[in-house]
Amino acid sequence: MFQTPYPSVASLLASETPRQGIKAAGWVRTKRDGKETAFLELNDGSTQGNLQVVIDKTQTPPAEGWDPLLASIGTGASVEVAGSLKESPAAGQKWELSAMSVVLLGAADAETYPLQKKKHSLEFLREIAHLRARTNTFGAVARVRNTLSFATHEYFQKLGFYYVNTPIVTASDAEGAGQMFQVTTLPLDNVPRAGGAVDYTKDFFGKKSHLTVSGQLNGEAYATALGGVYTFGPTFRAENSNTTRHLAEFWMIEPEVSFIDIHGNMDLAEDFLKFVFARVLERNPEEMAFFNQWVEKGVVETLQTVVRKPFARITYSEAVEILTKSGQKFEFPIYWGIDLQSEHERYLTDVVYQGPVIVTGYPKEIKAFYMKLNDDGKTVRAMDVLVPRLGEIIGGSQREEDLVALEQRLGELGMNPEDYRWYLDLRRFGTVVHSGFGLGFERLVQYVTGMGNIRDVIPFPRTAGNADF
Ligand code: 4AD
Ligand code: MG
């Protein structure tokens, strides 16, 4: 079986007994070089903590001598250390690596290495996104993101749902909201035309196509064959909104399930969120302690509470009533029919319920064409899950499974039924009640870690005006 060349720092720090003949490798966070003893803090990304390397300079020196070797090892350098794991007399750490030999793998020039020992601003670190994973904050974000990702598969696999991969390039607009990135191989300085309009039959796919905004419609095709499915992939939105919760490229988790209605959908969303929160609390205690101390005070306790308590569930009409009666001044005045703005959502989560809230039954005018119409003819079985600090993290619905009602809705919205022929087939042949939702993965990571800006929870953020790295 494959083994990595070095044991991880995490596994060394978790050792039960002292060990000899250990080799570790990683990047130096700090160095203290004294007359007889030198210390290196070694980090390999496997855990929040560093491995303290202790070098007794009175022992047999390497060929070049201890002082010249240590002078060449600065913050950011990569090294390999051989020695033994011994109980550490220092407070706060159980083990240290007593070095017999140290090999410099790759030097890092102290003058030009951008990550110095001092605290850097998140804005500055965004400009060096290729190096920021070497900081405590971004290492912790990466590990928590990984846990959330793995826990997502764990959760749905446990339910017997199938992971499906839906297309990235598509000719359908899943949300009917525009905001799509066009994909074309037509020469932009000389597009072929038919009449006045661009002739897309000459384009690569023979029709106008885009990067997907959601895998849902394709997900429905598989849910109405396999029962329960989920996607977990990149989605794209050309929203020019420069906010702390919007990206142009983000990852979405989209379960789609046959035979469940809006109530089953709410139960699934709540159960899923609680499962992944619990997993992070269990698997990333050090990272969470770090976020709790440095990023968002109280985030651990908040998650523990959220896992225990039922989410509040209210209708859109109730939400409007609560907001109206609150006497609170909002930038966007509240009335029935308006789409809830982030300030409204956050008033509900942060002030009224102090926890997650699921809102259902939105006016059909502000929601997508595929949502199941309620008997009142005015509202749809939409569902948004709102959380404190962020507002919406999940958007979903029961889907309109009735062919006639769905065709009528497309007509009302001036959408061309021909474009949705295959989607309508799912209602034409063996239609069933079904529901699903989309969870913005970066918003989930933001919520769990307490990180304020969505650009800091994805390795290389894409936003309007920025596709660096
Ligand atoms: O509410 P949305 O637009 O819903 C859909 O796309 C449905 N088709 C999902 C479904 O039912 N299968 O987006 C779902 C979630 C939002 O709640 C939000 O968390 C996230 O995706 N999201 C974004 N995250 C980051 N940047 C953006 N620009 C986002 N737009 C939506
Ligand atoms: Mg939404």
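None of the figures in this text is laboratory data; all of them are computed from the coordinates on show. What you see is a predicted model; the values in this text were computed from it and never measured. Neighbour counts are summed over all protein chains in view; Cβ atoms, including those assigned to glycine, are modelled from backbone coordinates with ideal geometry.
Relative to the present Cα-Cα distance, how much length would full extension add between THR305 and ARG32 at 0.36 nm per residue of separation?
Working: separation 273, 0.36 × 273 = 98.28 nm, distance 4.21 nm.
In short, 94.1 nm is gained.
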Spelling out what I want: for every residue of segment 463-469, take phi, set θ = phi - 60°, compute 6.51 cos²θ - 1.76 cosθ + 1.60 (Karplus), and round to whole Hz; glycine and proline get x. 9, 3, x, 9, 9, 5, 6
So if I take the alpha carbon set of the chain, get Rg, then get Rh from the Kirkwood formula, what is the Rg over Rh ratio? 1.06
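What list do you get for SER84, SER214 if you sort them by fewest beta carbons within 10 Å? Don't jump to the answer; show the numbers that get you there.
Values: SER84 14, SER214 24.
By the 10 Å Cβ count, ascending, the order reads SER84, SER214.
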Using +1 at the C-beta of Lys and Arg and -1 at the C-beta of Asp and Glu, which of TYR222, PRO187, THR212 has the Cα lying farthest in the positive direction of the dipole of segment 170-232? PRO187
Estimated distance in nm for a label pair at ASP267 and ALA464, the labels positioned 7 Å out from Cα along Cα-to-Cβ: 4.2 nm
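Using the crude model of +1 on Lys and Arg Cβ and -1 on Asp and Glu Cβ, and no other charge, please compute the dipole size for the chain relative to its Cα centre, in debye to 20.
780 debye
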Calculated SAXS-style log₁₀ I(q)/I(0) at q = 0.23, 0.25 Å⁻¹ - segment 1-89, Debye, Cα scatterers: -1.29, -1.46
Pairs of Cα atoms under 8 Å, at least six residues apart: use those to get the relative contact order of segment 374-469, whole percent. 24 percent
For THR315 and PHE259, what does the FRET efficiency come to when R0 = 22 Å and r is the distance between their Cβ atoms, rounded to the nearest 0.05? 0.40
Once you keep just the Cα pairs under 8 angstrom separated by 6 or more residues, what percentage relative contact order results for segment 298-437? 19 percent
Expected sort for 140-153, 97-110 on mean C-beta neighbours within 10 Å, highest first, is 140-153, 97-110
Just round it to a whole percent: the fraction of Cα-Cα distances in segment 278-322 exceeding 17 Å. 48 percent
Let me spell out the model: positive unit charges on the Cβ of Lys and Arg, negative unit charges on the Cβ of Asp and Glu, origin at the Cα centre of segment 15-60. What dipole size does that give, in debye rounded to 20? 120 debye
Can you list residues from other chains, or at least 5 along the same chain, whose modelled amide H is less than 5 Å from the amide H of GLY74? ALA108
The relative contact order of the chain, taking Cα pairs under 8 Å that sit 6 or more residues apart, comes to a percentage of 13 percent
Mean Kyte hydropathy of -1.0 or more with a Cα span along the axis of at least 24 Å, helices from DSSP in the chain: 136-158, 262-283
Dipole magnitude of segment 382-469 about its Cα centre, charges +1 at Lys/Arg Cβ and -1 at Asp/Glu Cβ only, in debye to the nearest 20? 260 debye
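Kirkwood hydrodynamic radius, computed over distinct alpha-carbon pairs, for segment 240-357: how many Å, to one decimal?
Values: mean 1/r = 0.0590 Å⁻¹.
That comes to 16.9 Å for segment 240-357.
Output the peptides 32-38, 355-361 sorted from most to least packed, where packing is the average of other Cβ atoms within 10 Å over each peptide's residues.
Numbers: 32-38: 12.1, 355-361: 21.7.
The peptides rank, most packed first, as 355-361, 32-38.
Among 71-78, 225-232, how do they line up by average Cβ neighbours within 10 Å per residue, starting with the highest? Write out the running numbers ahead of the final one.
Numbers: 71-78: 17.1, 225-232: 19.9.
For the peptides 71-78, 225-232, the packing ranking is 225-232, 71-78.
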Expressed as a whole number of Å, what is the distance separating the alpha-carbon centroids of segment 198-237 and segment 424-469? 15 Å
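Between SER72 and ALA110, what length in nm is gained on full extension when 0.36 nm per residue of separation is reduced by their alpha carbon distance?
Numbers: separation 38, 0.36 × 38 = 13.68 nm, distance 0.96 nm.
Difference between extended and current length: 12.7 nm.
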Do the sum for the chain: with -39,500 (n - 2.57) for every DSSP H run of n ≥ 4, divided by all residues, what is the mean residue ellipticity at 222 nm, to the nearest 500 deg cm²/dmol? -8500 deg cm²/dmol
Answer with one residue from ALA174, GLY139, SER149: the one whose Cα lies farthest towards the positive end of the charge dipole of segment 97-200, charges on Cβ with Lys, Arg +1 and Asp, Glu -1. GLY139
